1. Tell me yes or no: at least one residue of the stretch A:540-553 is in contact with a His (Cβ under 6 Å, 6 or more places away or on another chain), hydrophobic (A, V, I, L, M, F, W, C), outside the structural domain of A:Glu13 (by TED's automatic domain parsing) and open to solvent by less than 40 Å² (accessible area, probe 1.4 Å).
2. Scan the stretch A:71-96 residue by residue and report those that are open to solvent by 30 Å² or more (accessible area, probe 1.4 Å) and closer than 24 Å to A:Arg144 by Cα.
3. Among the residues of the stretch A:6-40, which ones are more than 10 Å from RNA strand B (Cβ to nearest atom), outside any loop (DSSP other than H, G, I, E, B) and under 22 Å from A:Lys137 (Cβ atoms)?
4. Considering A:Leu57, A:Leu74, A:Leu25, which residue is farther than 24 Å from A:Glu111 by Cβ and in the same structural domain as A:Tyr173 (by TED's automatic domain parsing)?
5. Considering each of A:Asp176, A:Asp116 in turn, give the residue that is modelled with pLDDT of 95 or more, crowded, with 19+ Cβ neighbours inside 10 Å and assigned to a helix (DSSP H, G or I).
6. Across the stretch A:474-495, what is the total count of residues that are charged (D, E, K, R), open to solvent by 40 Å² or more (accessible area, probe 1.4 Å) and away from RNA strand B (no atom under 16 Å from the Cβ)?
7. How do the pairs read when you match residues in the stretch A:382-400 that are in the same structural domain as A:Thr276 (by TED's automatic domain parsing) and within 13 Å of A:Leu277 (Cβ to Cβ) with residues anywhere that are in a loop (DSSP other than H, G, I, E, B) and β-branched (Val, Ile, Thr), using Cβ under 8 Å and keeping only pairs 6 or more apart or on different chains?
8. Please work out which one of (1) open to solvent by 40 Å² or more (accessible area, probe 1.4 Å); (2) more than 8 Å from RNA strand B (Cβ to nearest atom) is the condition A:Val567 fails and give its number.
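The values are calculated or read from the model by the stated rules, or taken from the named source; none is laboratory data. A quick note: this is a predicted structure, and the numbers were derived from the prediction, not measured. Quick reminder, even Gly has a Cβ in these numbers, built from the backbone with ideal geometry, and neighbours come from all protein chains shown. When the accessible area is computed, the model is the full protein with side chains, heavy atoms only, and any ligands, DNA or RNA have been set aside. Shrake-Rupley method; radii C 1.70, N 1.55, O 1.52, S 1.80 Å.
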Amino acid sequence: MKLSRSFGKTLREAPSDAEMVSHKLLIRANFIRPLGAGIYTYMPLGYRVLNNIHAILSDEMDDIDGQEMLMPNLHPKEIWDRTGRWAQYSGVMFQIDAGGNRWYGMSPTHEEVVIDLIGREVDSYRDLPRMVYHISKKYRDEARPRGGMIRLREFIMKDAYSMHLSEESLDEYYPDMYQAYLNIFNRCGIDVIPVQADTGAMGGKSSHEFLFPHDGGEDDFIQCSNCDYAANVEAATFVRTGDKPDSLEELNKILTPDCKTIQAVADFCGIATSQTLKAVFLWATPPGKAEKEGKFVFAVIRGDLDVNEVKLSNALGGVELRPATEEEIKATGAMPGYASPIGLNVAKDADSDGVYVIADTSIENGGDFVVGANEVEYHYTGTNYPRDFAVTQMADIAEAGNGHVCGNCGEGTLSSRKAIEAGHCFKLGLRYSKPTNTTALGPDGKPHLVYMGSYGIGLDRLMGIIVEKYHDESGIVWPRSVAPYDIHLMNLGKEEEPKALCDQLYKDLKAAGFSVIYDDRPKVNPGVKFKDADLMGMPIRISIGRRSLENGGAEVKLRNSADRDVVAMDDLIAHVKAL
RNA sequence: CGGGGCAUAGCUCAGCUUGGUAGAGCGCUCGCUUUGGGAGCGAGAGGCCGUCGGUUCGAGUCCGGCUGCCCCGACCA
């Protein structure tokens, strides 16, 4: 490509609303242009990067017996009604009223289309297992697009779908996909950390996120200092430390003025927050049910820990949670700010009357706690479980964090980091085949619900991640595998000779199989050409000017190195091939 | 959805406090000069000051509504 004929131009300054480095550089270097919040045009250079990523993805997917296809982005409402997600996704999906009682959704994802296809194409176990994938646009009305390529309303995703006769078949296939994902990120030059993720209300046994650690990321994940354990904060387990005292104190009610927070209580009593218990009140609505069919949940946890709502939701069967109102709290007999299960009518199990109390296992690690007395300005000291109160359910509902002991090896210390989610593998199981009754005949002659897995990677987000990692103060430093062009060729002279040499070299390099962007712009100063080359970031730069010719040929420089070599014109192709 | 910020030329921003003819740098066009790190001189083009309403003789400037964009948080198979 000749720069003299290329569309758009580089910017000396980035728009002031761009914050992340990748966002600024991709705009400045003319790879992307914003159209609206979370909506971008991929300019010719950016599109070439996406195509390179596309090729890597296709290669790896094909390698594990996947087939590339292309599914529609306009989805009839009916297929989403069948899985119950038309209503569930109403806040996220762009839903279009096409008139005449026809409604369409713009593809936020493609499980519905795939399950419809499976129903049509897959008849028996002989048609399984299969994997199909496509790379196409997704639309999600994100509440807050951010960070340029990091969170988009319209984005490009590689989504793969595997289908199986049995759970064993899915389990068997899953590691191949997992390995393909590692290969993909490796080929893009990105180090990712695979972490166990929350399987959430979608059920299924296993889910992995591939995280790129980055302060600008949206995910929190946990790593162990000792073993290779890594998990999403919503799935991370840790060891509750602390022992019960040998002899227990008596329960004793004390006056605690102005102690509405755990910290205030601990300060007032001169104890650590781990010597207190705290209560959290939520309203839990079962999935797919109306809110009034839900129930009040009283969660108890040691004072130094926090409840993780996703863990809590999972422990309760995937319920929707919202904070309880003050009226709902008082109706149970508890007093906000001074609440505890002591003296409440605690339900024996989910079907019994009384208050549903769920406790984190941490309340068994320690004793003689200070807890609320369900009376304004009063707490109990010397509280011990189970002597002084009952719980309905004991579960792991605490959020893992810095300094906790690893739940995997039991020795290392956990630390929390921010990350960008680069990919996600998910065992969907029967989530989509069940409501649509999508079956295949087994060898036993009976219909079996089809097991599914889905596996996503955002191409534009991945492009952003690559730039986050590969840049310097002058611009982008593309890895070879995804660079829009291999070579940035520059004519620095105004005389005939360098121009003629460059024109010829441009042809020769392309004939030798390289992709080349050629800065042949006349009347543009060398300084400008250098700045643009650094900004755009092609791996190899070749420049010809009076000075290089005096030194015997063309100057060759790698973008990721400061070294410059002058190479004789005759040796140039061979030299570049050897790089 | 809650909190905060911003909106003036293609980009970065001044002008607003104290209302009175629309500004700068970069970019763009033309001419001359220059040609190895965003070069110089000269001449130009380019703006319904986001939008609607209010106050005023007069609003980019003051007041209110709306919209858009950015950041933090909530949310996010």
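1. No, the stretch A:540-553 contains no residue that is in contact with a His (Cβ under 6 Å, 6 or more places away or on another chain), hydrophobic (A, V, I, L, M, F, W, C), outside the structural domain of A:Glu13 (by TED's automatic domain parsing) and open to solvent by less than 40 Å² (accessible area, probe 1.4 Å).
2. The answer is A:Asn73, A:Leu74, A:Ala87, A:Gln88, A:Tyr89, A:Ser90, A:Gly91, A:Val92, A:Phe94, A:Gln95, A:Ile96.
3. The answer is A:Ser22, A:Leu26, A:Ile32.
4. A:Leu25
5. Sole residue among the options that is modelled with pLDDT of 95 or more, crowded, with 19+ Cβ neighbours inside 10 Å and assigned to a helix (DSSP H, G or I): A:Asp116.
6. Total satisfying the criteria: 1.
7. A:Thr383/A:Ile342; A:Tyr385/A:Val391; A:Asp388/A:Ile342; A:Phe389/A:Ile342
8. (1) is the only condition that A:Val567 fails.
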